[in-house]
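The values are calculated or read from the model by the stated rules, or taken from the named source; none is laboratory data. Given the structure is predicted, the values throughout are model-derived calculations rather than measurements. Ideal geometry is used to build each Cβ from the backbone, glycine not excepted, and the neighbour counts take in all protein chains shown. To get the accessible areas, we keep the full protein, side chains included, count just its heavy atoms, and leave off ligands, DNA and RNA. Shrake-Rupley method; radii C 1.70, N 1.55, O 1.52, S 1.80 Å.
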Amino acid sequence: MDPAIQEYYDQITTAVERILAAAEGLDAEGLNWKPIPDETSSLCILNVHIVGNIRQGILSVLCGQPDNRDRDAEFAATCDSFEELQASWNQLKSDLHAGMSGLTTDDLQKDYVHPRRGPMNGWTVLLNTAVHANEHVGHAELTRQLWEVRGRD
């Protein structure tokens with residue numbers, strides 16, 4: 001993988017692994033708990049959403065794979081176990097590595113059309129994906145902290 005592309009891969013995967021780590025060890029109640037119902041996302045939703053976002057942005061937009069994303073469904077997701085989140089990430093991580101390994105810096109100079117964000121070059125797709133994932137790291141880690149202290153006086 002080109003070193004510049006590898007850096008984006010590393011940034012994205014590190015962010016997702018931190019989001020996933022925030023959910024580790026929780027049962028279904030903890031995975032689906034929202035700090036403020038109807039206004040915030042659960043750890044399940046954050047994990048499902050970031051997987052969908054990465055799959056769409058990198059694998060569909062940059063790598064030309066089919067885009068079957070249902071963004072609204074991501075925000076209605078519920079999870080039964082941490083293991084299902086881990087399995088989803090393991091599959092995406094493998095697909096992401098394969099897809100990004102096939103990209104060249106010339107590919108990233110090209111213009112693409114993101115279904116939600118419009119026209120942008122490949123570098124911008126990678127940047128937006130990495131930034132978006134890292135924004136959700138803070139959400140996930142704070143949600144886990146709030147879960148841990150809920151009900152304390």
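Structural remarks
- Scanning region 92-122 for residues that are among the acidic types (Asp, Glu) and assigned to a helix (DSSP H, G or I) turns up 95, 106, 107.
- Out of 30, 102, 64, 52, one residue alone is under 16 Å from residue 136 (Cα atoms) and small (Gly, Ala, Ser). It is 52.
- Residues (of a type in the set (Gly, Ala, Ser) and more than 19 Å from residue 41 (Cα to Cα)) located in region 103-147: 118, 122, 130
- Scanning region 54-72 for any residue that is under 24 Å from residue 148 (Cα atoms) and either at pLDDT below 95 or aliphatic (A, V, I, L, M) (or both) turns up nothing.
- Across region 74-98, the qualifying residues are those that are open to solvent by less than 50 Å² (accessible area, probe 1.4 Å) and over 12 Å from the mean Cα position of the chain (by Cα), and the one among them that is farthest from residue 123 (Cα to Cα) is 81.
- Close Cβ contacts (under 6 Å, 6 or more residues apart or on different chains) running from residues in region 1-15 that are in contact (Cβ under 8 Å) with a residue 40 or more places away in the chain to residues that are surrounded by 14 or more Cβ atoms within 10 Å (Cβ to Cβ) and outside any helix (DSSP H, G or I) comprise 5/103.
- Residue check: residue 89 meets all listed conditions (1) over 19 Å from residue 13 (Cα atoms); (2) not in a loop (DSSP other than H, G, I, E, B) but one, namely (1).
- Pairs meeting the criteria (first residue in region 99-126 and touching a residue at least 40 places away in the same chain (Cβ under 8 Å) and surrounded by 12 or more Cβ atoms within 10 Å (Cβ to Cβ), second residue part of a loop (DSSP other than H, G, I, E, B) and of a type in the set (Lys, Arg), beta carbons under 7 Å, at least 6 apart or on different chains) are 122/110.
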